[in-house]
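The values are calculated or read from the model by the stated rules, or taken from the named source; none is laboratory data. Quick caveat: nothing in here was measured; it's all calculated off a predicted structure. FYI the Cβ positions are ideal-geometry reconstructions off the backbone, even for glycines, and counts take in every protein chain you see.
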């Protein structure tokens, strides 16, 4: 399943497409080579072929921490393994914080939940978007 996160509040915007699939399992052994994050109810593996920076990984971790309580409510004692198969974005109009927003959007669509808004404002002085992550 693919989702696209977009924000456009100035003369430029951010658009990130993420393709991923989730598998609900009782338990799983993960190959540590491709694991981005493994929490009690949610594990994320990067199968996109894109090497993620430590900073990008940190935003995936923050996203998992945000949705993990919701996942536990839905899954009970099961867990979900999310395989990221695609990350597509323009390198000139990209901020690493956007992976947080696209992951949250993917999660809510996968479980057919009400979308969790990730507010972003444009800071003209720094020429960057400021995401409210938490």
Residue 28 versus (1) modelled with pLDDT of 95 or more; (2) touching a strand residue (DSSP E or B) at 6+ places or on another chain (Cβ under 6 Å); (3) assigned to a loop (DSSP other than H, G, I, E, B): which is the lone unmet condition?
(1)
All conditions in (1) closer than 20 Å to residue 57 by Cα; (2) in contact with a helix residue (DSSP H, G or I) (Cβ under 9 Å, 6 or more places away or on another chain) are true of residue 111 except (1)
Find the residue count for the stretch 109-127, including only residues that are over 17 Å from residue 9 (Cβ atoms) and either assigned to a strand (DSSP E or B) or touching a residue at least 24 places away in the same chain (Cβ under 8 Å) (or both).
5
So, residue 82, is that one touching a residue at least 24 places away in the same chain (Cβ under 8 Å), surrounded by 14 or more Cβ atoms within 10 Å (Cβ to Cβ) and in contact with a helix residue (DSSP H, G or I) (Cβ under 7 Å, 6 or more places away or on another chain) or not?
no
Name every residue in the stretch 75-108 that is closer than 17 Å to residue 15 by Cβ, more than 12 Å from the chain's Cα centre (by Cα) and part of a helix (DSSP H, G or I), in order of residue number.
91, 92, 93
Looking only at the stretch 38-54, and only at residues there that are modelled with pLDDT of 70 or more and in a strand (DSSP E or B), the one that is nearest to the chain's Cα centre (by Cα)
44
Top-ranked residue of the stretch 60-69 - restricted to ones that are under 20 Å from residue 1 (Cβ atoms) and in contact with a helix residue (DSSP H, G or I) (Cβ under 8 Å, 6 or more places away or on another chain), ranked as surrounded by the fewest Cβ atoms within 10 Å (Cβ to Cβ):
66
